[in-house]
Amino acid sequence: MQPAQIYVMRADGSDPRRLTAPPNGVRFAESDPAWSPDGSGVAHWSYGYGIAIVDSRGGVPNALYSDF
């Protein structure tokens, strides 16, 4: 079983792609995505990064608050 991930896709359901791609291949459970006001990023909760934001094109999340 894989932990929950965050994906984006076109409105018609095509072209699904995962937004978060940790560099070491470890997947953390991620949830509660919310688009930034300008659409450039997606804020979310990550079990590994805490409250984080990832670029809307995908990549490594940037931890905003990780003091668990």
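The values are calculated or read from the model by the stated rules, or taken from the named source; none is laboratory data. Just so it is clear, the model here is predicted, and its values are computed rather than measured. Remember, those area values only see protein heavy atoms, side chains included, never the ligands or the DNA or RNA. Shrake-Rupley method; radii C 1.70, N 1.55, O 1.52, S 1.80 Å.
Let's see how each residue does on (1) open to solvent by 50 Å² or more (accessible area, probe 1.4 Å); (2) polar (S, T, N, Q):
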{"position": "Ile6", "(1), (2)": "no, no"}
{"position": "Ala29", "(1), (2)": "no, no"}
{"position": "Val42", "(1), (2)": "no, no"}
{"position": "Ser46", "(1), (2)": "no, yes"}
{"position": "Asp55", "(1), (2)": "yes, no"}
{"position": "Val60", "(1), (2)": "yes, no"}
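How many residues does the stretch 8-27 contain that are of a type in the set (D, E, K, R) and either open to solvent by less than 90 Å² (accessible area, probe 1.4 Å) or within 15 Å of Asn62 (Cα to Cα) (or both)? Reasoning before the result, please.
Within the stretch 8-27, the subset of a type in the set (D, E, K, R) is 10, 12, 15, 17-18, 27.
So of that shortlist, the ones also either open to solvent by less than 90 Å² (accessible area, probe 1.4 Å) or within 15 Å of Asn62 (Cα to Cα) (or both) come out as 15, 18, 27.
Residues in the stretch 8-27 being of a type in the set (D, E, K, R) and either open to solvent by less than 90 Å² (accessible area, probe 1.4 Å) or within 15 Å of Asn62 (Cα to Cα) (or both): 3 in total.
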